[in-house]
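Participant: Please read through the structure below; I'll follow up with questions.
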Amino acid sequence: AKKIIASKNIKDYETQLTTVEGFFRTHSSFLVTKKHITNIYISDNEVELDTKEIITIARDRKQEFLEFIKL
């Protein structure tokens, strides 16, 4: 996956992007968009993106993520 270096912290992007439907902060280091999620591994607290990258879902965000993904 292509890495992008940004001058803002992830909280700034989270504030902007979560107002747009389809984005969710799964972990302190990850902000994902619904349209790129191909698999969800609930028991492992992970999602797989269409790039084959595996992203962690924080335990304390798991229930909120499950609600988000149902939308």
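Participant: Around PHE23, which amide H atoms from residues at least 5 apart in sequence, or from another chain, sit under 5 Å from its own amide H, with H modelled in the peptide plane?
Facilitator: Those lying under 5 Å, H to H, from PHE23 are LYS34.
Participant: Treat every Asp and Glu Cβ in the chain as -1 and every Lys and Arg Cβ as +1, leave all other atoms uncharged, and give the resulting dipole magnitude about the Cα centre to the nearest 20 debye.
Facilitator: Roughly 180 debye for the chain.
Participant: Taking θ as phi - 60°, what are the ³J(HN,Hα) couplings along segment 38-47 by the Karplus curve (6.51, -1.76, 1.60), each to the nearest whole Hz, with x for Gly and Pro?
Facilitator: Per residue, the Karplus-derived 3J(HN,Hα) values read 10, 9, 10, 10, 4, 5, 9, 6, 9, 10 Hz.
Participant: Follow-up question, since we're still on this one. For a quick check: with amide H placed at 1.01 Å from N, whose amide H comes under 5 Å from ILE57's, ignoring anything fewer than 5 positions away on the same chain?
Facilitator: Sorted by chain and number, the residues that satisfy this are GLU46, VAL47.
Participant: Ranked highest first by average number of other Cβ atoms within 10 Å, how do 19-25, 33-39 line up?
Facilitator: The most tightly packed comes first, giving 19-25, 33-39.
Participant: Across segment 52-59, in residue order, what do the Karplus-derived ³J(HN,Hα) couplings come to in whole Hz, using 6.51 cos²θ - 1.76 cosθ + 1.60 with θ = phi - 60° and x for Gly and Pro?
Facilitator: Calculated HN-Hα couplings, in order: 6, 6, 9, 10, 7, 9, 4, 4 Hz.
Participant: Something else now. Give me the number: length gained by fully extending LYS2 to GLU48, i.e. 0.36 nm times residue separation minus the C-alpha to C-alpha distance, one decimal in nm.
Facilitator: Working: separation 46, 0.36 × 46 = 16.56 nm, distance 1.54 nm.
That pair, LYS2 and GLU48, stretches by 15.0 nm at full extension.
Participant: So how much slack lies between ILE69 and TYR41, counting 0.36 nm per residue of separation and subtracting their Cα-Cα distance, in nm?
Facilitator: Result for the pair: 8.8 nm of gain on full extension.
Participant: Set Lys and Arg Cβ to +1 and Asp and Glu Cβ to -1, take the dipole of the chain about its Cα centre, and tell me which of ILE4, PHE24, THR56 lies farthest positive.
Facilitator: The Cα lying farthest towards the positive end belongs to ILE4.
All of the numbers you see were taken from the coordinates with simple rules; none came from a lab. Note that the structure is predicted; figures quoted are calculated from it, not measured. Neighbour counts run over all protein chains shown; Cβ positions are idealised from the backbone, glycine included.
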